[in-house]
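Colleague: The structure that follows is given in the form of structure tokens.
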Amino acid sequence: MDLILATSSGQEECVLPYDMDLDLGGTNDFQLTASYASWDERIEIGKKIYIPDTEYGGIIKNISSATNTGNIFLKGYTWRGYLAKRIISPPSGQDYRTVSGELNTIIGTLVNIPGFVVSTVNTGVSVNYQFKRYVTLLEGLESMLQTVGYRLSLQYIQTQSGGYVFVEAVKAGQHGDSVDYSQDSMIDFSSTDNQMGVNHLICLGKGELKDRTVIHLFVDASGNISTTQTIFGIDEIVATYDNGGAEAESLKESGIEKLKDLQSKKTFDASIRKVEMELFIGDTVTGQDYITGNKVTTPITQKLVKRSNGVISYEYKIGGQK
């Protein structure tokens, strides 16, 4: 795969021979390593680097050198990183930013970054969604799409007159049912099946003594949270949550988030060493520890891309709970 250097407006200048390390989903940045002998004087801050038809690239924003190693380092945010540097703010006078409609249409209303073009293809999928307050654009879009089994796709499209980052919602892949992701093959992971969590949370809000706002939240056997108790007896595990000053509605919302952290769950953190196909952030992977029997399905949260001697390799990190 050719690594291209282009002007700030996107006109291709040359192919770069340099190694590249790129982090998607973590720091969302890249680093190219060039030797003094291979330095190309056309390289400048503000120019673009990219591998066409992938999201591997960004804009050079930092150039540093180290004479003791004879290397020059080029750094910058990836295209995904620019989404992480935008914030979804609540409209004036409202508590939250809410959206309703088809996926790509919603993305198009939120992604207003020069050089980014959002797909106008109708996915046939619509949502009603409320973003967290002041969430990054990247996290907000990824969370919204995950609720309907979709992921965020980015590609740098090279054209004769320049180029652009193409953004669209695509259906997330599901891996693991027919591929063996276990400790015997391609995955290193830690798993925990913790059933010691809280299933009854007493939320305390505004007011004093008998006038205090109190809401009881419960977890059922499937992990769902509601105001109806279904677990009793010795299996009932109770805790309190103090959010003094909160009205009933906001107390319930924050209480649900608190209970999600406290409830019983299975957790799964992993690094995938080798797969036969390329995976993407937002795809889901099912992994199993055959010794304990723990089995969890969780999304890919980070993708590390390495280009060495012109060859691309990947490492994936997943983590989540069920």
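Colleague: Are any residues in segment 20-38 among the small types (Gly, Ala, Ser), over 16 Å from LEU3 (Cβ atoms) and surrounded by fewer than 13 Cβ atoms within 10 Å (Cβ to Cβ), and if so, which ones? Explain how you work it out, then say what you get.
Modeller: Keep residues of segment 20-38 that are among the small types (Gly, Ala, Ser), which gives 25-26, 34-35, 37-38.
Now drop any that are not over 16 Å from LEU3 (Cβ atoms), which leaves 25-26, 37.
Result: GLY26, ALA37.
Colleague: In this structure, is ILE43 assigned to a loop (DSSP other than H, G, I, E, B), buried (at least 18 other Cβ atoms within 10 Å of the Cβ) and over 19 Å from the mean Cα position of the chain (by Cα)? Spell out how you get there, then give the answer.
Modeller: Working: assigned to a loop (DSSP other than H, G, I, E, B): yes; buried (at least 18 other Cβ atoms within 10 Å of the Cβ): yes; over 19 Å from the mean Cα position of the chain (by Cα): yes.
Spelling it out, ILE43 is indeed assigned to a loop (DSSP other than H, G, I, E, B), buried (at least 18 other Cβ atoms within 10 Å of the Cβ) and over 19 Å from the mean Cα position of the chain (by Cα).
Colleague: Given the options TYR129, TYR77, name the one that is touching a strand residue (DSSP E or B) at 6+ places or on another chain (Cβ under 9 Å), touching a residue at least 40 places away in the same chain (Cβ under 8 Å) and not β-branched (Val, Ile, Thr).
Modeller: Numbers: TYR129 fails: touching a residue at least 40 places away in the same chain (Cβ under 8 Å).
On inspection, the qualifying residue turns out to be TYR77.
Colleague: A further question on this structure: When only residues in segment 74-96 that are within 19 Å of the chain's Cα centre (by Cα) and in a loop (DSSP other than H, G, I, E, B) count, which is farthest from PHE116 (Cα to Cα)?
Modeller: Of segment 74-96, the ones within 19 Å of the chain's Cα centre (by Cα) are 76-89.
Narrowing further to those that are in a loop (DSSP other than H, G, I, E, B): 84-86, 89.
Values: ALA84: 14, LYS85: 14, ARG86: 13, SER89: 20 Å.
Looking at the filtered set, the residue picked out is SER89.
Colleague: Further question on the same structure: What is the number of the single condition among (1) in contact with a Ser or Thr (Cβ under 9 Å, 6 or more places away or on another chain); (2) over 17 Å from GLN160 (Cα atoms); (3) not hydrophobic (A, V, I, L, M, F, W, C) that GLN11 does not meet?
Modeller: (2)
Colleague: While we're on this one: Residues that are modelled with pLDDT under 85, at least 1 per element: which strands (runs of 3 or more DSSP E) completely within segment 220-322 meet that? Before you say what the answer is, go through the steps one by one.
Modeller: On the way: elements: 238-242, 265-272, 284-288, 295-308, 311-321.
Those strands (runs of 3 or more DSSP E) span 265-272, 284-288, 295-308, 311-321.
Colleague: Go through segment 218-238 and give me each residue that's surrounded by fewer than 14 Cβ atoms within 10 Å (Cβ to Cβ) and closer than 11 Å to LEU201 by Cα.
Modeller: SER226, THR227, GLU236, VAL238
Colleague: Then there's this: Would you confirm whether or not segment 88-100 contains a residue that is more than 21 Å from LYS306 (Cβ to Cβ) and among the charged types (D, E, K, R)?
Modeller: Yes, some residue in segment 88-100 is more than 21 Å from LYS306 (Cβ to Cβ) and among the charged types (D, E, K, R).
Colleague: Give segment 3-57 a look and list any residue that's among the acidic types (Asp, Glu) and without any contact (Cβ under 8 Å) to a residue 60 or more places away in the chain, or say none.
Modeller: Let us first name the residues in segment 3-57 that are among the acidic types (Asp, Glu), namely 12-13, 19, 21, 23, 29, 40-41, 44, 53, 55.
Hits for segment 3-57 are GLU13, ASP29, ASP40, GLU41, GLU44.
The values are calculated or read from the model by the stated rules, or taken from the named source; none is laboratory data. Here the structure is a predicted model, which means the values were calculated and not measured. When we count neighbours, we look across all protein chains shown, and the Cβ atoms used for this are built from the backbone with ideal geometry, even at glycine.
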